[in-house]
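Trainee: Input: one structure, supplied below.
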Amino acid sequence: MMFKKKLIIGITIIINIILVSSNRVYADDNSNKKSLIVYETRKNFKSNIDKVNHLSELLYVFNNKVDNINIDDYKKGYLNNYDYIFVININNDIGNKVFLEDINNYNKSIYWIGDKIENLLEHNNKYSIKYISKNNNITSLNYKGDDIILENESDYNIIQPNNKSKIISTMSDGYNTYPYILQDKNLYYISNWDMYESYIFEDTLNDFFKRISFDESKIFVKIDDVNPLSDTKKLKDLANYLYKENVPFIVSLTPAYLGKSTKTLDENIINTMKYMQEKGGSVILNGYSHSRKEKSNEDEYEFFNKEILNSKNEDVNIYIKNRLLSGLRLCIENDIYPLGFEPQKYAITQDGYKEIKKYISTYIGRYQNNSEVFKMSTFPYVIKDSKNFNTLIPENLGYIAKDDKLAVDKIKYNYYKLSMVRGHSGGFFFHTNVDTNYLKECIEYFKSKNVSFLDLKKENNYINIDDIKIESNNKNIITSYDKSKSISKNNNNLVFNKSINKLNDIVIEFVVVVLLIFILIFIVFKIINRRNFTRR
């Protein structure tokens, strides 16, 4: 009977994976087309952001094959293997003449991002646009009539268009307006791509790839950092409010808390999690335990710390899998069913993502784009079947900080920028101690914008790791696991064995004491008898 149940669950998971893959929509069947990223450096000198990794993940929204190559390693004819070319992070004049010759003759789609566009234009008569200079006084962007005020100072390239160029977006220094993104024949060009300032570039990819249909836009609401010490009354109050507002929500649960001793799920928090699931909540696993070192200025997280960075991949993979198993087992044996995953503070290495991908379909959060330093980035789209993810649902709206009076305004402005993107998705989060007035203001705002809230249980999700299997589809959740491996059972056995051992120790101590008393009495009587014998 158990075998049949596991077989049915396994077949259901496989069918859902196939259905999800077959339902992906690409314009003009871009799923069979390939993109190539050509770069000089993975990171520019102003930041530690690995834009190559970030761009690579982003492009999986539009096609399922993305490669990258350092421009110095480029060999003749290599561009011809690809349908789309992206050029990024070129800091110095291009010395590879073979690349310049090939890209001059390339007739498919090119997207040049940032610097050294002049190297292309001066060797090509195809394009009539002209590079002018740089400007570091740009203060705003405009896209389809919507303005974005820039927060960071940066260099922007000034391009002079021709009368046949299509100006897609503009930028201004307060005095003059210049092209920010333009198209000339098969060439798209963006003056500067700062992924923290706007999603304009990301939306233009819809036109670059000729995308003709878009996914429904959805926003998730997430209660973050729930753990065995969380205020269960406040959690229930939050669940009741969201349920009353007909807003499904996500609960990010860490099932163990490391203090002076390890505290795991007790009856109170277990019942609260069950209650929240009944009220429309979907649980995701936020690692096994929070493990940041309290007396350290360094970033030391469960899946991103010195020990992991200095270990071999095989050891790290075993460590990650064991943490997943421990956390999932604590949940599933108490009728708590995680449908996705996020690491503590979103911190994890590139190899860590790949290990998680083996077992879990759905990742929710921001993206750590490199393995050397703790740097986050995010996306305006759900990403599927990429190098690092089965499904990534991005957190891109920020969070409601308890004492930040501007928190709601920041989320509104982030949504204003996000909503410029066709087919966008995303979400925001808050902690248990959130000011409920701020939360209510957010929910009312999104409702006024006719936002669809993401119900994770309605999506196709699966977790499949050793004996643990969890699968959801249209609010139906199917689970199975080997109860003989139950942590609670093993803990109970451990407690029982400890009790027996303690009882044995007590019995032994009692016997020893009785024996000592017996020996003492024997000696005393012996002495008394000797004295009596002497008197006679």
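The values are calculated or read from the model by the stated rules, or taken from the named source; none is laboratory data. Predicted model only: the values in this text are computed from it and were never measured. Heads up, the Cβs are rebuilt from the backbone with ideal geometry, glycines too, and the neighbour counts pull from every protein chain shown. Note: areas computed on protein heavy atoms with side chains; ligands, DNA, RNA excluded. Shrake-Rupley method; radii C 1.70, N 1.55, O 1.52, S 1.80 Å.
Trainee: Taking the dipole about the Cα centre of the chain, with the C-beta of Lys and Arg at +1 and of Asp and Glu at -1, give me whichever of ASN64, SER252, TYR381 is farthest to the positive side.
Mentor: Most positive-ward Cα: SER252.
Trainee: Which shape class applies to the range 232-323: rounded if a/c is under 1.5, otherwise prolate when a/b exceeds b/c and oblate if not, where a ≥ b ≥ c are the square roots of the Cα gyration tensor eigenvalues? Provide the component values of the computation, followed by the final result.
Mentor: On the way: a/c = 2.53, a/b = 2.14, b/c = 1.18.
Note, shape of the range 232-323 comes out prolate.
Trainee: Run lengths n ≥ 4 of DSSP H only: what is the helix-derived mean residue ellipticity at 222 nm for the chain, with -39500 (n - 2.57) per run over all residues, to the nearest 500?
Mentor: On the way: 13 runs with 184 residues, N = 536.
Taken over the chain, the calculation gives -11000 deg cm²/dmol.
Trainee: Could you tell me the relative contact order of the chain? Use alpha-carbon pairs under 8 Å, at least six residues apart, and round to a whole percent.
Mentor: On the way: 959 pairs, mean separation 65.3, N = 536.
With pairs under 8 Å counted, the relative contact order is 12 percent.
Trainee: Which order do peptides 351-363, 212-224 fall in by mean Cβ count within 10 Å, highest first? Can you show the working numbers first?
Mentor: Working: 351-363: 20.5, 212-224: 18.2.
Descending packing order for the listed peptides: 351-363, 212-224.
Trainee: Let me ask another. Once the Cβ-Cβ distance between LEU406 and ASP147 is put in as r, and R0 is 25 Å, what FRET efficiency do you end up with, to the nearest 0.05?
Mentor: Numbers: r = 19 Å, r/R0 = 0.77.
About 0.80, to the nearest 0.05.
Trainee: With N residues in the range 166-245, what two-decimal value do you get for its Cα radius of gyration over 2.2 N^0.38 Å? Walk me through the numbers on the way to the answer.
Mentor: Numbers: Rg = 21.6 Å, N = 80, 2.2 N^0.38 = 11.6 Å.
Rg over 2.2 N^0.38 Å, computed on Cα atoms: 1.85.
Trainee: So, for the chain, what is the accessible surface per residue at a probe of 1.4 Å, expressed in square angstrom?
Mentor: About 49 Å² of surface per residue is accessible.
Trainee: If I fit a long axis through the Cα atoms of helix 436-448 and take the longest principal axis of the Cα atoms of the chain, what angle between them do I get, 0 to 90°, rounded to 10?
Mentor: The angle comes out near 40 degrees.
Trainee: A further question on this structure: Work through the residues other than ASN163 whose Cβ is under 15 Å from its Cβ and net out their charges, Lys, Arg +1 and Asp, Glu -1. Present the calculation step by step, with values, prior to reporting the outcome.
Mentor: Details: positive: LYS130, LYS164, LYS166, LYS185; negative: ASP184.
So the surrounding residues net to +3.
Trainee: Name the chymotrypsin sites (Phe, Trp or Tyr not before Pro) in the range 87-183 that are in a loop by DSSP and that have at most 13 other C-beta atoms within 10 Å, would you? Walk me through the numbers before you get to the answer.
Mentor: Working: sites: PHE99, TYR106, TYR111, TRP112, TYR127, TYR131, TYR143, TYR156, TYR175, TYR180; in loops: TYR106, TYR127, TYR175.
Within the range 87-183, the qualifying chymotrypsin sites (Phe, Trp or Tyr not before Pro) (loop, at most 13 other Cβ atoms within 10 Å) are TYR175.
Trainee: So what are the ³J(HN,Hα) numbers for the range 213-227, from phi and the Karplus equation (6.51, -1.76, 1.60; θ = phi - 60°), rounded to whole Hz, Gly and Pro as x?
Mentor: Calculated HN-Hα couplings, in order: 9, 10, 5, 5, 6, 9, 10, 9, 10, 10, 8, 9, 6, 7, 8 Hz.
Trainee: Tell me the carbon and sulfur percent of the accessible area for the range 128-259, rounded to whole percent, probe radius 1.4 Å.
Mentor: 45 percent
Trainee: Can you give the % of DSSP beta bridges in the chain that are antiparallel, to the nearest 5? Each step should come with its number before you reach the end.
Mentor: Working: 41 of 85 bridges.
If we restrict to bridges inside the chain, about 50 percent are antiparallel.
Trainee: Hey, what do the phi angles of the range 69-85 turn into as Karplus ³J(HN,Hα) couplings, whole Hz, using 6.51/-1.76/1.60 and θ = phi - 60°, x for Gly and Pro?
Mentor: Listing the rounded values in order: 8, 5, 4, 5, 8, 5, 10, 3, x, 5, 4, 5, 7, 10, 9, 9, 10 Hz.
Trainee: Turning to a different aspect of this structure: Quick one: Karplus J couplings for the range 362-374, per residue in order, coefficients 6.51, -1.76, 1.60, θ = phi - 60°, nearest Hz, x for Gly and Pro?
Mentor: 10, 10, 10, x, 8, 10, 7, 7, 8, 9, 8, 10, 7
Trainee: Here are labelled values, [x] 219; [y] 148; [z] 134, and one is the computed volume of the Cα convex hull per residue in Å³ for what I pasted. Which one?
Mentor: Entry [x].
Trainee: Here is a further query. Taking H as built 1.01 Å from N, whose amide H comes closer than 5 Å to the amide H of ILE168, not counting residues under 5 places away?
Mentor: Amide H to amide H, under 5 Å and 5 or more residues apart or across chains, ILE168 pairs with ILE181, LEU182, GLN183.
Trainee: In addition: How far is helix 267-278 tilted, in degrees, relative to the longest principal axis of the Cα atoms in the chain, given as a value from 0 to 90 rounded to the nearest 10?
Mentor: Computed tilt is about 40 degrees.
Trainee: Compute the signed sum of charges (Lys and Arg +1, Asp and Glu -1) over the other residues within less than 11 Å, Cβ to Cβ, of ASN334.
Mentor: Numbers: positive: LYS274, ARG329; negative: ASP266, GLU267, GLU333, ASP335.
Around ASN334, the charge tally is -2.
Trainee: Alpha carbon centre of the range 43-73 versus the range 78-128: separation in Å?
Mentor: Using only Cα atoms, the two centres lie 16 Å from each other.
Trainee: Nearest 10 degrees is fine. How inclined is helix 487-535 to the longest principal axis of the chain, computing both from alpha carbons?
Mentor: 30 degrees
Trainee: Right, something else. Between ILE158 and residues 5 or more places away or on another chain, which pairs have amide H atoms under 5 Å apart, with H built 1.01 Å from N, and which residues are they?
Mentor: Under 5 Å from the amide H of ILE158: ILE132, SER133, LYS134, ASN135.
Trainee: Order the peptides 249-256, 393-400 from the highest to the lowest mean number of other Cβ atoms within 10 Å of their residues.
Mentor: The most tightly packed comes first, giving 249-256, 393-400.
Trainee: Net charge within 9 Å of ASN186 by Cβ-Cβ distance, Lys/Arg positive one each and Asp/Glu negative one each, not counting ASN186 itself?
Mentor: Overall, the nearby charge balance is +2.
Trainee: Okay, moving on. Would you give the gap between the C-alpha center of the range 398-453 and the C-alpha center of the range 167-209, rounded to a whole Å?
Mentor: 26 Å
Trainee: Give me the Kirkwood hydrodynamic radius of the range 409-486, using the inverse of the mean 1/r over all pairs of distinct Cα atoms, in Å to one decimal.
Mentor: On the way: mean 1/r = 0.0636 Å⁻¹.
Computed over the range 409-486, the radius equals 15.7 Å.
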